[in-house]
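The values are calculated or read from the model by the stated rules, or taken from the named source; none is laboratory data. Just so we're clear, the structure is a prediction, and the values are computed from it rather than from any experiment. Cβ placement follows ideal geometry from the backbone for every residue including glycine, while neighbour counts extend to all protein chains displayed. Just so you know, the surface numbers come from the protein's heavy atoms only, side chains and all, with ligands and any DNA or RNA stripped out. Shrake-Rupley method; radii C 1.70, N 1.55, O 1.52, S 1.80 Å.
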Amino acid sequence: MLFDFVSSMLLNTENLLTESLAQQLTQQQIEEVLNFQQKWQWLGYLIAPLLLLLKISIIAGVLDLGCFIFGKEIKYKKLFAVVVKAEFVFLLVIVCKTSWFYFFKTDYTLEDLQFFYPFSMLSITGYDGLQPWYIYPLQVVNLFEIVYWILLALMLDKLLSTAKDKNTGIKIVASSYGVGLLIWVVVIMFFTLNMS
């Protein structure tokens, strides 16, 4: 949350939001939107840790299922700790994104901030002219996600510490978390397609 707060301050997202809304709303409506956002901002700070806890719990549960399928036994508590440690890689996304827009691309819009995901397929293809339901999958395919998989696999291998079953960690991650991520992306694409 601290990284996100600092990023918002450095990138001046409130002014970008005002500029974006100015194209669609009157000044009074913009002020109402900003007041509403400031009034309920505390709710976002309350919900963010709960959503992160839910995400970590689900991923640990999915990895637990993967371990069960492969006949390996790791306590859920240890899997939870592995996922928490691996999640730190996603803090680098905020640092890279903030650095990119603060130092390199200083002329940007709110849409640029929303759709930019560093080292992703979307950053290669760009979002202009792209169907909305393609955006999320192209954001998910990124360097940080690959590093996340590798970290999960390495930490699982360390917990399993079986010399004869090398690379069991990556098999567990791919068959459990990988399949879960694929299902999640398809669901998001489906909802995006239906809403557009």
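Things to note:
- Single residue of the range 120-137 satisfying the filter (assigned to a helix (DSSP H, G or I) and open to solvent by 40 Å² or more (accessible area, probe 1.4 Å)) that is nearest to Leu182 (Cα to Cα): Tyr136
- Phe70 fulfils the conditions (1) touching a residue at least 24 places away in the same chain (Cβ under 8 Å); (2) out of contact with any helix residue (DSSP H, G or I) (no Cβ under 7 Å at 6 or more places or on another chain) except for a single criterion, (2).
- Total residues in the range 97-114 satisfying the condition of being open to solvent by 40 Å² or more (accessible area, probe 1.4 Å) and either within 15 Å of the chain's Cα centre (by Cα) or closer than 16 Å to Pro49 by Cα (or both): the figure is 2.
- Residue check for Leu50: touching a residue at least 12 places away in the same chain (Cβ under 8 Å) and within 25 Å of the chain's Cα centre (by Cα): no
- Selection count, the range 44-65, where residues are of a type in the set (A, V, I, L, M, F, W, C) and open to solvent by 60 Å² or more (accessible area, probe 1.4 Å): 9
- For the range 1-33, filtered to residues that are open to solvent by less than 70 Å² (accessible area, probe 1.4 Å) and without any contact (Cβ under 8 Å) to a residue 40 or more places away in the chain, the residue that is farthest from Tyr102 (Cα to Cα) is Leu25.
- Matching residues in the range 155-196 - criterion: being open to solvent by 30 Å² or more (accessible area, probe 1.4 Å), assigned to a helix (DSSP H, G or I) and among the β-branched types (Val, Ile, Thr): Ile170, Val179, Ile183, Val186, Val187, Ile188, Thr192
- Residue match in the range 67-75 (condition: modelled with pLDDT of 95 or more, in a helix (DSSP H, G or I), over 19 Å from Ile170 (Cβ atoms) and open to solvent by 60 Å² or more (accessible area, probe 1.4 Å)): no
- Condition met for Ile56 (aliphatic (A, V, I, L, M) and either under 23 Å from Leu10 (Cα atoms) or in a helix (DSSP H, G or I) (or both)): yes
- Of the residues making up the range 150-196, those that are hydroxyl-bearing (Ser, Thr, Tyr) and within 19 Å of Ile58 (Cβ to Cβ) are Ser175, Ser176, Tyr177.
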